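In what follows, a structure is listed as structure tokens, so that the remarks can point back to it.
The values are calculated or read from the model by the stated rules, or taken from the named source; none is laboratory data. Fair warning: this is a prediction, and the values are worked out from it, not measured in the lab. Neighbour counts run over all protein chains shown; Cβ positions are idealised from the backbone, glycine included. Quick note on the areas: whole protein, heavy atoms, side chains included, nothing else; ligands and nucleic acids left out. Shrake-Rupley method; radii C 1.70, N 1.55, O 1.52, S 1.80 Å.
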Amino acid sequence: IVDPRINIRYVFYDKKSSLFALRTGWGIQHKMPTLVHLYPDPAYMDRVSYSYLDNSTQTGIALFTTKVLDDTQNKDLLLPQSNNIELGVEVKHNKHFKFDATLFYENLKHGFSYVSNVTSMSYKVYQMTTQRAEYTDGVLFIGEEFVPYNNDTVFYSYQRPVNAMEIKKQGMEFTFDFGKIESINTQVIVDGMFIDINRQTNAEEAYYKNGTINGSNRKYAAMRSVSTFNVSHTKRLNTNLRLITRIPSLGLIFSIKGQCVWIDRARRSAELNGKSLVSEIDGEKVVLPTALIDFSGNIITNVSANIVSDVQTMEYVQRLKPNALEEDNPKPYALADLRMTKEIGRWLQFSLYVNNFTNRNPKRYLKSSDVYVYKNSEIYFGCDMKIKL
């Protein structure tokens with residue numbers, strides 16, 4: 001692989017402590033897969049074929065049927081590729097004002113994800129016995145009589161790595177440095193970021209819901225998107241006000257940061273290859289399986305609304321809350337952090353910090369899930385040490 005990168009900076013004006021410059025950048029970056037992606041372990045599937053326990057001696061015998069599946073590797077796995085573009089501006093006027101802003105765009109393709117696959121497994125189920133049976137050369141017997149058995153079939157799920165994730169990010173980072181207020185030796189900085197993120201996991205997987213129906217294993221597995229809400233769109237705008245006060249005679253630095261989140265929007269949806277998977281049945285929003293799979297591996301694609309009431313398939317229907325596809329747009333919220341640093345000589349700094357020192361935990365309503373959440377973490381504090389070599 002080749003990861004080319006280009007960075008260009010052009011200075012239009014640079015005189016008398018004033019500066020105006022533009023910069024741009026472009027690059028491609030790949031991500032190497034881990035050994036877990038390249039060489040996943042085989043999948044082991046176990047079923048109990050026979051079990052007996054002697055309560056008087058607390059000894060017994062258990063017979064398992066095991067299937068080993070080596071089809072967990074994806075030899076067609078691609079390297080995730082991220083295309084990045086940046087455009088920035090720098091402005092400086094004496095010591096009183098600095099401005100730096102960067103527009104950015106990132107597009108990640110072929111991101112790693114895991115999808116479930118299913119396979120059927122046939123096994124023997126021996127009748128329960130009142131005496132201990134013995135298993136020799138593939139035969140279960142008591143005395144000279146064979147233990148009767150029935151054949152049963154069940155689905156098992158296993159996972160394989162795929163290239164299914166795509167993430168698009170765009171936005172802007174900015175910093176205003178208003179210099180220092182000389183009378184109190186305090187630097188004032190305002191920075192922030194706006195980011196718009198689209199995430200999509202565009203893959204289909206097979207899954208099986210464990211359980212028995214009328215004493216028999218469920219007869220169908222189902223195909224669906226990787227998750228109920230496999231597409232999300234979020235927007236966030238936050239700004240920070242930093243006040244940094246220095247007392248050189250004491251070697252102390254005090255800083256306080258106030259952060260406000262102005263926009264924190266999120267919307268989710270269920271789509272596959274650009275097509276919505278949401279249906280409405282009897283006034284209820286549901287996500288139906290895209291197909292059903294029987295024990296022979298046959299794929300049934302003509303899935304109808306009747307599966308909602310079919311005891312074999314009704315649990316594969318994902319029922320959504322009425323507002324599940326609505327956008328969450330909570331009111332703005334804020335917090336403040338405090339930090340004190342003591343400089344000891346030229347090489348050592350010792351800092352104490354208190355994050356969210358006002359212990360502000362605003363409660364906001366999320367319409368899509370019909371719940372209230374606390375947006376800030378609780379107050380916490382600590383210390384750190386920095387050694388300059």
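Details
- Among (1) of a type in the set (Val, Ile, Thr); (2) assigned to a strand (DSSP E or B); (3) at pLDDT below 90, the one test that residue 167 misses: (3)
- When segment 138-153 is filtered for residues that are in a strand (DSSP E or B) and surrounded by fewer than 18 Cβ atoms within 10 Å (Cβ to Cβ), the ones remaining, listed by number, are 139, 141, 142, 145, 146, 149, 150, 151, 152, 153.
- The strands (runs of 3 or more DSSP E) located wholly in segment 208-326 that include 3 or more residues which are within 29 Å of residue 193 (Cα to Cα) and modelled with pLDDT of 90 or more occupy 231-247, 252-269.
- Residue match in segment 347-356 (condition: open to solvent by 60 Å² or more (accessible area, probe 1.4 Å), more than 30 Å from residue 156 (Cβ to Cβ) and at pLDDT 90 or above): yes
- Only one of 75, 124, 92 that is charged (D, E, K, R) and loosely packed, with under 15 Cβ neighbours inside 10 Å: 75
- Here is the figure for segment 170-179: residues that are more than 30 Å from residue 83 (Cα to Cα) and at pLDDT 90 or above total 2.
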